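The next block holds one structure in the form of structure tokens; read it before the comments.
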Amino acid sequence: MFRLLTVLLLASALELVGGCHWHSDTERKHSESLLIAPSAINPKYLAYSDGREQLIYMVDTEYPAESTVAFLSTQLRNQRWTALREDFMNPGIPTSEVRGWTQFEDRSEEPRATVRAWSCDWEDKAHDITTYSLSYRYPMTGAHDPPDSRMLHVMALYIPAAVAEKMKHVTRPDPAPLRCRSHQSGRAAR
């Protein structure tokens, strides 16, 4: 959830800084990295003026969506994309390629929900980034209720290298070291 929120907040920040606007776009050619899985329901493309492209759809499949994850991973590898071991936007946080599915409780809206999430970032030789976020949401009606939904939500985002580089700088602080000064004897400490 934090990852999805970060991506959405970053998209908003880029819109403010760069005047990026999106529009629904189903007719034009899209990045080949935006894959529609077999049995996808209601796929929708969005194109942003800065070159980013988004694809959203659902798939009726049981958790853990092994065939969908395998399809996406195989197709991207065949297109020469490399799965990143760490989250592109949050270095140090492993992707689902490393850690697998995660689960958390979403209390941000009612009814509360249990969310199972899988996300992985991919990079090509040009340093373009494609990220896939897959999730199941189950309403919380009891402590040990079994999942009652088979609907997998898929969100893919293609980010051109130049935009990806800008995004890194927006979300990461300047690595310049902080300088501390001591006022002992009126001289700066070294």
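The values are calculated or read from the model by the stated rules, or taken from the named source; none is laboratory data. Not measured: the values here are computed from a predicted model. Positions of Cβ are generated from backbone atoms using ideal geometry, with glycine treated the same way; all protein chains shown enter the neighbour counts.
Some points to look at:
- Lone qualifier among Leu55, Leu46 - being at pLDDT 95 or above, over 24 Å from Arg116 (Cα atoms), touching a strand residue (DSSP E or B) at 6+ places or on another chain (Cβ under 7 Å) and part of a strand (DSSP E or B): Leu46
- Of the residues Tyr132, Tyr138, the single one that is at pLDDT below 95 and in a strand (DSSP E or B) is Tyr138.
- Residue count for region 87-129, restricted to those that are touching a residue at least 24 places away in the same chain (Cβ under 8 Å), of a type in the set (A, V, I, L, M) and not in a loop (DSSP other than H, G, I, E, B): 4
- Residues in region 76-86 that are surrounded by 15 or more Cβ atoms within 10 Å (Cβ to Cβ) and either at pLDDT below 95 or not in a loop (DSSP other than H, G, I, E, B) (or both): Leu76, Ala83.
- Selected residue [polar (S, T, N, Q), modelled with pLDDT of 95 or more, buried (at least 16 other Cβ atoms within 10 Å of the Cβ) and assigned to a helix (DSSP H, G or I)] from Ser73, Ser67: Ser73
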